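Peer 1: To start, I am sharing the structure in question, which I have written as structure tokens.
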Amino acid sequence: MSDNVRGLKYWLDEKASSRVFSSIFPLSKPQHYITFDVDIGGFNNIRMQFEYVVIMAAITGRTLVLPPPSPWYLINFGPIQREGDVDGVCDYSEFFDLSALRQYINVISTAEFIQIENDRLDIPAEFSDFSPSLIESERAGEREDLRKDWQKWLSIKARVLPWNPLNNLIYYPDINSVMQGINRPDERFRDRRAAVWFDADMNDSQLLHFPSNVEAGCRQLGQVSRLVAFADDQQARVIRLLLKHGLRYVPRVFEIAQTIIDQLGIYQYSSLHLRRNEIQFIESRADPETTAENISRLLEPVEPLYLATDETDESFFAGLKRQRKVYRFSDLANLPGLAEDPMHITPHKLIGCVEQLICAAGRIFVGTPHSSFSTYISRVHGYMNAPDCNEYSHTQLSSSQSRGFGFVEQSICGQNYLHEDRVLWEDADVDQPIYSVSCTDASDYAHWQCELLEFSWKQVEQSGELIRLVSREETHPLPRHKYTQVISTRFTNTHPETGDHYIPYNRLFSFQEWLNTGEQNGTVLILDPDCVFRKRVTTRVKPGAPIAQRWRGFAIVGKWQETVEKLSDIDIELIQDITWPALVHTEDMRRIMPRWIELTSLIRQEMGAWESDMMAFVVAAAEFGIRFTEQHLAAVLNWPEGDDEEAPVIHYCQAVEAKDGSQLWFKQGYQPWSNTNADPAMAKLPYCGDLVAILNQFVALHNPVTVEIEEINTNSERESSDHAAMSDPDSSVLVKAYLRHDKVLEFYCKRGDETMLTLFHALAENTAADGVPDDRLINVPTNDNDRHMAYFRLSHLIGLETIPAGTS
């Protein structure tokens, strides 16, 4: 995205997102409904719950019914300071732009629902009092009994779903579809949550109700990017479109915020949310001196600071005010360009929403840990394409340098909703996927590199599809991966016409075969197999606007110049010094592939150079008038550049050099899947150490679980097993599961059920990839279909490479 397109206008540029959304999630059940209770927490907890039920309505194609107006905590009651709202009620239409949301899903009020479905659902006449005028006329106590009766009626009439995002992960469309695809969630995504999905009975139910009940553990608060595990990555992407463009504040909030931002100057100030009162986490507090010292490291000299806070002690801000102008909402009337005092024109209950947008327009935003007010600002900061979208806290010592991009540090778990996942804004604008593609033969040497690439792709949660094009002879078995789409192509190391033996022909002909036999439409990330991801690649390109890595040492001189001038009429000055990794649209790839192949063959005949395919690539692109934007996509081993810390990919084509100049590790000579015996801290360059750390983690988790089964005929042997009590009296099979860390698990079980028990016992014995058991998964399903899905799911959970015969 362009650096000069930023701010609220960038966020509100919807493009065709609603049309894209409806093509993936059509409104399939408009006369089926989702109802819910208002969350008991403050406004941002209510907002998070609203995001949850909106997503549920979206993926089920149902109409969302808003609860009747009611008092909201910290607005109409509780320890609040806004007297104008006390004893009143709130309605979702006061805060959220329902006209924008209705571009994606059907949304109606309780009063409208009763009017539509009164006869069909036999709704009691007393609820007709929920008229639209309640929002203006009702006082807090007048309709409390009626609201409680309404909740009771829903709990009886509707199918109640007491799902909690901290305890349940929703699989869409069902667990089988998700776990059989390449988009299945890993342990970090699942985060010890039990699987649920909308089964046939739920889909047939006319009313689905999500209660909010703390005592019963029913609150819909969770990491919004991980509420649902989708079978198709495009489904997840359009949900992010919905969250960004459809679920936003009312236009009045944007209008007021924009006038203030215009006066302060977009990204000409920094912002701080300092929550001091009514927050339950001790670690979210810091004394005034610590706060001032921590954030001063992030701020530019004399840069203004916008402060959103509930702290009433003015002395607390003395340290912040020593070197800069500090603005609070009550100070904005002094801005010379404002025609009206924001305090006078902003409804009390909307001040927090306006302040969130003002904070998000700061160059850097510093928040309060464990505050949902702060976390949403971080997301909006990303929506607005701010120059620095890193997450900073006033309670922690920060640096003005961007944080490292190691995938462990960047990880967001399924239950973690006190941080915002960058994918929500980094991958929420374009409907076309990113195809991360490498081309290889079928050798073991290529396979372990592709497994490492897959491991890093999954760890950073790269969007789109990971594709391995495997050029192979028909007699050679096709390699298998857990998450990679493996596509067989013709073995073409030798040019079919010239007889020239040149391994990169595999890449060229594989790409051409893949593009000609499918309907791919999107961005191709061209990779070598000896690459790993350090962070997500989120940039998508349009036709005619590709991005590529700079070709270091590129020069068209001497023999190269003679060859290019002989084979092409292109002006050499138009040929760019770029190579892969590259981001190229599929339309451009299809245009240049024939000429790329032809030029490679011609250059090989003239020079025989190993870089022939690389030179042919840039010449062919220049001939078609395709101009690349140069971007540092990969840190190449031992070729340091100033922005290597920002590169999302590491290309380990050379050896890792140690600080003392010796060779720390090299792919050539490495025994696949064995320990590296290399310490990342000993690498000469930091990003080289990152590679070793990724490789070490990959090796530690690679060793598969294997199973041996042997017949047993005597009861005495069965009785000697610690697991005999778990088995049927007629058991006649001994199962030995060889688990990670050299652990062996033995038990007896009923013939025909050995795989299921192996999986569940292995899980119970802490042998999942992260060593964390999940007791909620120990119950063995009795339904045959559910049992098959559990086989598939748990085999991947504990790393079983194959499912033994007889379990399909």
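Peer 1: Quick one: which of Glu497, Glu474, Glu513 is of a type in the set (Asp, Glu), under 19 Å from Pro594 (Cα atoms) and without any contact (Cβ under 8 Å) to a residue 60 or more places away in the chain?
Peer 2: It is Glu513.
Peer 1: Of all residues in the stretch 546-585, how many are farther than 15 Å from Ala622 by Cβ, outside any strand (DSSP E or B) and hydrophobic (A, V, I, L, M, F, W, C)?
Peer 2: The number of residues fulfilling the criteria is 2.
Peer 1: Return the pair list, or none, for Cβ contacts closer than 8 Å from residues in the stretch 81-99 that are among the charged types (D, E, K, R) to residues that are surrounded by 16 or more Cβ atoms within 10 Å (Cβ to Cβ) and at pLDDT below 85, at least 6 apart or on different chains.
Peer 2: Asp91/Ile135; Glu94/Ile135
Peer 1: Let me ask another. Answer yes if at least one residue in the stretch 664-681 is in contact with a Lys or Arg (Cβ under 7 Å, 6 or more places away or on another chain), surrounded by 16 or more Cβ atoms within 10 Å (Cβ to Cβ) and either part of a loop (DSSP other than H, G, I, E, B) or not hydrophobic (A, V, I, L, M, F, W, C) (or both), and no otherwise.
Peer 2: No: the stretch 664-681 contains no residue that is in contact with a Lys or Arg (Cβ under 7 Å, 6 or more places away or on another chain), surrounded by 16 or more Cβ atoms within 10 Å (Cβ to Cβ) and either part of a loop (DSSP other than H, G, I, E, B) or not hydrophobic (A, V, I, L, M, F, W, C) (or both).
Peer 1: For Phe95, indicate whether it is crowded, with 21+ Cβ neighbours inside 10 Å, closer than 26 Å to Lys152 by Cβ, at pLDDT 95 or above and not charged (D, E, K, R).
Peer 2: No: the conditions fail for Phe95.
Peer 1: Further question on the same structure: Suppose we filter the stretch 488-514 for residues that are buried (at least 18 other Cβ atoms within 10 Å of the Cβ) and either polar (S, T, N, Q) or outside any loop (DSSP other than H, G, I, E, B) (or both); how many remain?
Peer 2: Residues flagged as buried (at least 18 other Cβ atoms within 10 Å of the Cβ) and either polar (S, T, N, Q) or outside any loop (DSSP other than H, G, I, E, B) (or both) within the stretch 488-514 amount to 12.
Peer 1: Same structure again: Looking only at residues that are in contact with an Asp or Glu (Cβ under 7 Å, 6 or more places away or on another chain) and of a type in the set (A, V, I, L, M) in the stretch 363-417, which one is modelled with the highest pLDDT?
Peer 2: Looking at the filtered set, the residue picked out is Ile364.
Peer 1: Could you grab the pairs with beta carbons closer than 7 Å, sequence gap of 6+ or different chains, first residue in the stretch 524-536 and at pLDDT below 95, second one outside any loop (DSSP other than H, G, I, E, B) and open to solvent by less than 10 Å² (accessible area, probe 1.4 Å)?
Peer 2: Arg534/Val649; Arg534/Ile650
Peer 1: How many residues are touching a Pro at 6+ places or on another chain (Cβ under 6 Å) and buried (at least 20 other Cβ atoms within 10 Å of the Cβ) if we restrict to the stretch 64-90?
Peer 2: Final tally of qualifying residues: 1.
Peer 1: Tell me, which residue of the stretch 148-200 that is of a type in the set (Lys, Arg) and surrounded by 20 or more Cβ atoms within 10 Å (Cβ to Cβ) is nearest to Pro71 (Cα to Cα)?
Peer 2: Filtering first and then ranking leaves Arg193.
Peer 1: Based on this model, can you work out whether Phe210 counts as in contact with a Cys (Cβ under 9 Å, 6 or more places away or on another chain) and closer than 21 Å to His370 by Cα?
Peer 2: The answer is no for Phe210.
Peer 1: Given the structure, is Pro251 closer than 29 Å to Leu98 by Cβ and surrounded by fewer than 18 Cβ atoms within 10 Å (Cβ to Cβ)?
Peer 2: yes
Peer 1: Here's another thing I want to ask about it. Name the residues in the stretch 463-475 that are open to solvent by less than 10 Å² (accessible area, probe 1.4 Å) and within 23 Å of Gln697 (Cα to Cα), would you?
Peer 2: Ser463, Leu466, Ile467, Arg468
Peer 1: Sticking with this structure for a sec: Go through the stretch 597-622 residue by residue and tally those that are in contact (Cβ under 8 Å) with a residue 40 or more places away in the chain and either in contact with a strand residue (DSSP E or B) (Cβ under 8 Å, 6 or more places away or on another chain) or in a helix (DSSP H, G or I) (or both).
Peer 2: 15
Peer 1: Kindly indicate the residue of the stretch 240-255 that is in a helix (DSSP H, G or I) and among the basic types (Lys, Arg) and also nearest to the chain's Cα centre (by Cα) among those meeting that condition.
Peer 2: Checking each candidate, the answer is Arg240.
Peer 1: Take residues that are in contact (Cβ under 8 Å) with a residue 60 or more places away in the chain and either of a type outside the set (Gly, Ala, Ser) or under 17 Å from Gly367 (Cβ atoms) (or both) and tell me which of the helices (runs of 4 or more DSSP H) falling wholly in the stretch 256-354 contain 2 or more.
Peer 2: Result: 288-296, 342-345.
Peer 1: Could you tell me whether any residue of the stretch 572-588 is more than 23 Å from Val532 (Cα to Cα) and open to solvent by less than 10 Å² (accessible area, probe 1.4 Å)?
Peer 2: Checked against the condition, which is being more than 23 Å from Val532 (Cα to Cα) and open to solvent by less than 10 Å² (accessible area, probe 1.4 Å), the stretch 572-588 yields at least one hit.
Peer 1: Could you run through the stretch 658-694 and say how many residues are among the basic types (Lys, Arg) and closer than 23 Å to His447 by Cβ?
Peer 2: Here the count works out to 1.
Results for (1) out of contact with any strand residue (DSSP E or B) (no Cβ under 7 Å at 6 or more places or on another chain); (2) closer than 24 Å to Glu255 by Cβ; (3) not β-branched (Val, Ile, Thr), shown as yes or no for each residue.
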| site | (1), (2), (3) |
| --- | --- |
| Pro304 | no, yes, yes |
| Ala308 | no, yes, yes |
| Glu314 | yes, no, yes |
| Ala318 | yes, no, yes |
| Arg324 | no, no, yes |
| Leu335 | yes, yes, yes |
| Ala339 | yes, yes, yes |
| Ala361 | yes, yes, yes |
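Peer 1: Within the stretch 515-528, how many residues turn out to be open to solvent by 40 Å² or more (accessible area, probe 1.4 Å) and touching a Lys or Arg at 6+ places or on another chain (Cβ under 9 Å)?
Peer 2: Matching residues across the stretch 515-528 total 1.
Peer 1: Turning to a different aspect of this structure: Within the stretch 313-348, which residues are under 21 Å from Ala286 (Cα atoms), at pLDDT 90 or above and open to solvent by less than 30 Å² (accessible area, probe 1.4 Å)?
Peer 2: Of everything in the stretch 313-348, just one residue is under 21 Å from Ala286 (Cα atoms), at pLDDT 90 or above and open to solvent by less than 30 Å² (accessible area, probe 1.4 Å), namely Val326.
Peer 1: Given the criteria charged (D, E, K, R), outside any helix (DSSP H, G or I) and either modelled with pLDDT of 95 or more or within 15 Å of Ala555 (Cα to Cα) (or both), does Asp588 qualify?
Peer 2: It is false that Asp588 is charged (D, E, K, R), outside any helix (DSSP H, G or I) and either modelled with pLDDT of 95 or more or within 15 Å of Ala555 (Cα to Cα) (or both).
Peer 1: Still on this model: Select, from Ala140, Ala158, the only residue that is modelled with pLDDT under 90 and either over 19 Å from the mean Cα position of the chain (by Cα) or hydrophobic (A, V, I, L, M, F, W, C) (or both).
Peer 2: The unique qualifying residue is Ala140.
Peer 1: I need the full set of residues from the stretch 529-559 which are open to solvent by 30 Å² or more (accessible area, probe 1.4 Å) and aliphatic (A, V, I, L, M), in order please.
Peer 2: Ala545, Ala555, Val557
Peer 1: Follow-up question, since we're still on this one. Taking the stretch 682-696, which residues are in contact (Cβ under 8 Å) with a residue 40 or more places away in the chain, hydrophobic (A, V, I, L, M, F, W, C) and not in a helix (DSSP H, G or I)?
Peer 2: Leu685
Peer 1: I'd like the residue in the stretch 636-654 that is in contact with a helix residue (DSSP H, G or I) (Cβ under 9 Å, 6 or more places away or on another chain) and free of Cβ contacts under 8 Å to residues at least 60 places away in the same chain and, out of all such residues, is surrounded by the fewest Cβ atoms within 10 Å (Cβ to Cβ).
Peer 2: Pro640
The values are calculated or read from the model by the stated rules, or taken from the named source; none is laboratory data. Note that the structure is predicted; figures quoted are calculated from it, not measured. With ideal geometry, Cβ positions are generated from the backbone for all residues, glycine too; neighbour counts draw on all protein chains shown. Please note that ligands, DNA and RNA were not included when accessible areas were found on the heavy atoms of the full protein model with its side chains. Shrake-Rupley method; radii C 1.70, N 1.55, O 1.52, S 1.80 Å.
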